[in-house]
Amino acid sequence: MDATKELMQKVDVIVATGGHAMVKSAYSSGRPSYGVGQGNVQVIVAEDYTDYDKMAATIVGSRAYDNGIPCTGEQAVHFPKEKYDEFVAAMKRAKAAMIPDDKVDELPKILFKENGAIDAKHVGMKPVKLAAEMGFEVPEDTQILIFNNRGISRENILCREKLCPVIQLFPYESFEQAVADAKTNLLWEGAGHTSVIYTNDTEKAEYVGHELPVGRLVVNQAGGAASGGNYINGLHPTMSLGCGSWGNNSISENLTYKHLMNTTRLAYYHDCTMPELDEVWKL
């Protein structure tokens, strides 16, 4: 820690990708710093979206990557209540296994310490081993575990970011409720980071974009891969995703090499072009 602190005080600029303590240390170093926040990716499935098998394969593949460690992995899925059986069946076909309702209360005891900190012993734990620690068995080829929610936000510590391949299910009565629940979860942990919307309705996507405090809202894509930028969307490729003032960061975009460059601008004189006040304040 002492060596890291000394290094931070001697470099030109710091990029702090990690936990809150690391970001705080970088911002306190006295050097220019870019800190990025933690994720708690909320997935919202609109009523108009119908290709559940494609969606399930995308979500499971994304969440299973690196055993659920990346901050861009899906943490919770909000979907229509009347589609519960269809959604769960699709997830199971994609190699997700359901945690029995009578075992869910064991999960927070495994993932978090008594003080609420993440238990490092279970970070990135494979689904088969995690299930065994909870007292039940799943097939060897299980990719992730899914479970029914136990409430919203601070009523349920499992609404926080979980660094292992598990996803919480939130069946909703209305689309507006789903967005509100996702926002509540984000405002507890993960504000400014990323969310996912599955819809073919542009207005619904824009509604979610207006409502959720996130720097990235990816549409019909894997949160784990798409939010870090790739060849199928316009986001810049990066491993450092800024969360803006929502997440106590200085940027809300994907950090790239351009953030590390200094630019000299040549400003030549030209005749004054002072605008009229009504032009300045025109909406």
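The values are calculated or read from the model by the stated rules, or taken from the named source; none is laboratory data. In this text the structure is predicted, and so the values were computed from the model without any measurement. Cβ: placed from backbone, ideal geometry, glycine included. Neighbour counts: every protein chain shown.
Among the residues of the range 223-244 satisfying the criterion of being in a loop (DSSP other than H, G, I, E, B) and under 11 Å from the mean Cα position of the chain (by Cα), which is nearest to Val41 (Cα to Cα)? Among them, the one singled out is Ser227. Only one entry in Ala267, Ala182, Ala178, Ala226 is small (Gly, Ala, Ser), outside the structural domain of Asp48 (by TED's automatic domain parsing) and more than 23 Å from Val23 (Cα to Cα), namely Ala267. For the range 137-156, the set of residues classified as out of contact with any Lys or Arg (no Cβ under 7 Å at 6 or more places or on another chain) and at pLDDT below 95 consists of Arg150, Gly151, Ile152, Ser153, Arg154, Glu155, listed by residue number.
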